[in-house]
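Quick note: the coordinates plus some simple rules give every number you see, no bench work behind them. Values in this document were obtained by computation on a predicted structure and should not be read as measured data. Neighbour counts run over all protein chains shown; Cβ positions are idealised from the backbone, glycine included.
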């Protein structure tokens, strides 16, 4: 059982001594510790002692955490991965520049894609909304390097073999059937997808006496009720 110290007070956290090594009670990876002797907020280990403790709840998955209402605008589709983004699909073809302007009028941008899940998800919604579509505009364009119009990092790609060409006047489209990306002339007319914010950006609402921490997306409660022993603490935090 491990505690963290603030001033002269201690609070039990979920680090326990396993058979071969220290481990977290919730089975997450132990990739950070504070056991340096010179650290004023270092961690200490205690046997089954009575002290205050800290509980953690999952801010998105735990059933006791309630998401405030945040409907996507009418006619849009919620994005995957719990992102606060709604997809607006436009079936009428437009060139890339006009498409981006349309998205900006809705306080958004042409869609940016940052992982394979998002890429595949778009393939599932476009054919349904735009029958016969071959490809559609995304928010990527070439200007010395490939970028997203919403200025998010270009941290994922799914280029088709032989792509991209890297010259001015090219923008990126995604094929509906394969999900591959192609460099296309920005002046070409294609259907497009905007990524727009929800009507109200959601924020998790924690149970009473818990506080939400944006960095970890968890709800925390510091209890002054003295509890002793690992089993007692585990049952209290469930």
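Shape call for segment 69-196 from the C-alpha gyration tensor, a ≥ b ≥ c root eigenvalues: rounded (a/c under 1.5), prolate (a/b greater than b/c) or oblate? The partial results should precede the final answer.
Details: a/c = 1.39, a/b = 1.38, b/c = 1.01.
Because its axes are fairly even, with a/c under 1.5, segment 69-196 counts as rounded.
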**OP:** Subtracting the Cα-Cα distance from 0.36 nm times the residue separation, let me have the gained length for residue 150 to residue 178 in nm, one decimal.
**Re:** 7.6 nm
Subject >> Estimated inter-spin distance, residue 199 and residue 98, nm [label 7 Å along Cα→Cβ] >> reply: 3.0
Subject >> Within segment 148-162: backbone nitrogen closer than 20 Å to the residue 116 label point (7 Å, Cα to C-beta) >> reply: 154-162
Subject >> Full-extension gain in nm, residue 167 to residue 78, via 0.36 nm per residue minus C-alpha separation >> reply: 28.7 nm
